[in-house]
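The values are calculated or read from the model by the stated rules, or taken from the named source; none is laboratory data. Please read all numbers here as calculations on a predicted model, not as lab measurements. Please note: Cβ atoms are built from the backbone with ideal geometry, for glycine as well, and neighbour counts cover all protein chains shown.
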Amino acid sequence: MRRLREWLPSAEAIRANRWPRWLSPALHHPRLWHMSRRGLALGMALGFFFGLLIPLAQVPLSAAAGVALRANVPAAVASTLVTNPLTFGPIYYAAWRVGSAILGEPVDAPSAPSMATQAGPVDENWCRAVTRRFVGVGKPLLLGLVIIAIAVGIAPTSWSRRHGGSPCC
């Protein structure tokens, strides 16, 4: 626990940051900073959920949800880093594969239509084909992200209940 406390930001450091300043009145509750089994597990679950599901603004959303649910805010903020530049591609590809399998769509990666080699205006059919490919990937990707985010978000709380502690400590 001591190593985890050293790694996580302090309450003062988060209150001094300009981004979560709008949460300042709610950030003074001591339960948000307490290292309890429930608070850590819920904070990690919120961070994993928002880190996987929302590509932008995941930190403020997980912090706000942590404040609303009285979870450990540093754990919620830190666990959003489950998606980072190294893991973003594999996670989104896996989510697309899961969504495609559930929707019954072929799991072959869609190939991008080739661009005409002639120097001239871009063919309108090419633009439609690219748009159709993005829309085709979007539905399975969104479904897969929701499923993975819920599954990974539930994992820390179920671990906490079953083993009497947080999976990180």
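Taking the listed residues 71, 76, the one that is modelled with pLDDT under 90, closer than 21 Å to residue 13 by Cβ and assigned to a helix (DSSP H, G or I) is 76, with no other qualifying.
Yes/no per residue for (1) among the aromatic types (Phe, Trp, Tyr); (2) more than 30 Å from residue 143 (Cα to Cα); (3) in contact with a Lys or Arg (Cβ under 7 Å, 6 or more places away or on another chain); (4) at pLDDT 80 or above:
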position: 1; (1), (2), (3), (4): no, yes, no, no
position: 9; (1), (2), (3), (4): no, yes, no, no
position: 16; (1), (2), (3), (4): no, yes, no, no
position: 40; (1), (2), (3), (4): no, no, no, yes
position: 48; (1), (2), (3), (4): yes, no, no, yes
position: 55; (1), (2), (3), (4): no, no, no, yes
position: 64; (1), (2), (3), (4): no, no, no, yes
